[in-house]
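Here's the structure we're looking at; comments come further down.
The values are calculated or read from the model by the stated rules, or taken from the named source; none is laboratory data. Please read all numbers here as calculations on a predicted model, not as lab measurements. A quick note on method: Cβ atoms are made from the backbone with ideal geometry, for glycine too, and the neighbour counts reach across all protein chains shown. The protein model used for the area step is the full one, side chains on, heavy atoms only, and it has no ligands, DNA or RNA in it. Shrake-Rupley method; radii C 1.70, N 1.55, O 1.52, S 1.80 Å.
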Amino acid sequence: MSSLFDTAQIPSPVTEVADILVTLKQEFRIEQTGHIDFNLGQFSVLKNYTDVRLLSSHAVKNKNNDSYILFTEAQPKLTDHGKTQPVEQHVWALAYLKHDFGRVLIRRETLVDKIKELIHPVELDFAEDKAFSDTFYMLVSDRQKATSGADRNFRNVVMDIRLDDFVIEIVEHTLIIGNTKPRGAEKALHLAEFVSRLCTTCD
């Protein structure tokens, strides 16, 4: 009988990634990439980590252009009463966009966001798409670029994502989506569906 502390029962990051890839390959054509510098340091969603390492990257093959699934591990900056927190294992999806969005952050809107908006109008809303604006909080650095890039096709793809808790960050032409919660096959599948549809629909 295995003990409570039998680490052999805990899947290693390599095994976990392999299992997730098996699930992804049931729905998509997945190929491991060569060395690609995705410049993850440019994204503010990873600013609370001192070290973000790319363990492996895999192309999701699409008709027009590829999107990517990234497996990373990251060391949190915050400590628990001076103790170093354990390294976290994440999965992200990344896509390269035709339009330059400037800098954009999209996540589900909360009541706090709605209150802040009354004081600091920093959110981009779409008068012609109330459903999107009521659902998502979209912070932008350049209203003209973001409005041009986030057309109806783009907004429809975002509205249809099946992952409940996520953040999208765009730096010019590069989009990343995910969250810092533990990775899993279902999450990875939803992320791959999103970037694959994005690359297919928003060409």
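Please give the net charge around F126, taking every other residue with its beta carbon less than 12 angstrom from that of F126, where Lys and Arg add +1 and Asp and Glu add -1. Let's see the in-between values first.
Values: positive: K130, R143, R152, R155; negative: E123, D125, E128, D129, D134, D151.
In short, -2.
To the nearest 20 debye, what charge dipole does the chain have about its Cα centre, counting +1 at the Cβ of each Lys and Arg and -1 at the Cβ of each Asp and Glu?
On the way: 24 positive and 30 negative charges, 24 e Å.
Using Cβ point charges on Lys, Arg, Asp and Glu, the chain gives about 120 debye.
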Under the helix-only model (-39500 (n - 2.57) for each DSSP H run of 4 or more, divided by the residues of the chain), the mean residue ellipticity at 222 nm, to 500 deg cm²/dmol, is -8500 deg cm²/dmol
For the chain: lysine pairs with Cα atoms under 25 Å, gap of 8 or more or different chains, count?
-> 26
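Just need the relative contact order of the chain here, percent rounded to a whole number, with Cα pairs under 8 Å and 6+ apart. List each step's numbers first, then the result.
Numbers: 340 pairs, mean separation 50.9, N = 203.
Averaging sequence separation for qualifying contacts and normalising by length gives 25 percent for the chain.
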Accessible area per residue, 1.4 Å probe, Å², for the chain: what's the number?
-> 56
